[in-house]
Amino acid sequence: MEFEYECWRCWATCFVWGKRVASFWREKFRLPPDFECWNCGAINDLTDDD
């Protein structure tokens, strides 16, 4: 499944592919920890530091 994110540097819309993982109650998708923007080449972090 594709997820849509905006680049932190140039605000271009980027699409990241999430891989489906096994879950009993609901659908879950595993995303990569980061991705490179197609427009400016910036590395965008997807990890949640909360």
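The values are calculated or read from the model by the stated rules, or taken from the named source; none is laboratory data. In this text, all values refer to a predicted model and were calculated from it rather than measured experimentally. As a convention, Cβ positions derive from the backbone with ideal geometry for all residues, glycine included, and neighbour counts pool all protein chains shown. Heavy atoms of the whole protein, side chains included, go into the accessibility calculation; ligands, DNA and RNA do not. Shrake-Rupley method; radii C 1.70, N 1.55, O 1.52, S 1.80 Å.
Which whole-number percent gives the relative contact order of the chain, counting Cα pairs below 8 Å spaced six or more residues apart?
28 percent
Kindly point out, ordered by number, any Cys in the chain whose beta-carbon has no other cysteine beta-carbon under 4.7 Å away.
So far as the 4.7 Å Cβ criterion goes, Cys14 stand without a partner in the chain.
Probe of 1.4 angstrom, ligands and nucleic acids ignored: what's the accessible area per residue over the chain, in square angstrom?
So the chain comes to 88 Å² accessible per residue, rounded to a whole number.
Mind listing which trypsin sites (Lys or Arg not before Pro) in the stretch 4-47 are in a DSSP loop and have 10 or fewer other Cβ atoms within 10 Å?
Arg26
With +1 on each Lys and Arg Cβ and -1 on each Asp and Glu Cβ, how big is the dipole of the chain about its Cα centre, in debye rounded to the nearest 20?
320 debye
Multiplying the sequence separation of Phe3 and Thr47 by 0.36 nm and subtracting their Cα-Cα distance, what value in nm do you get?
Residue separation times 0.36 nm, minus the Cα-Cα distance, leaves 14.4 nm.
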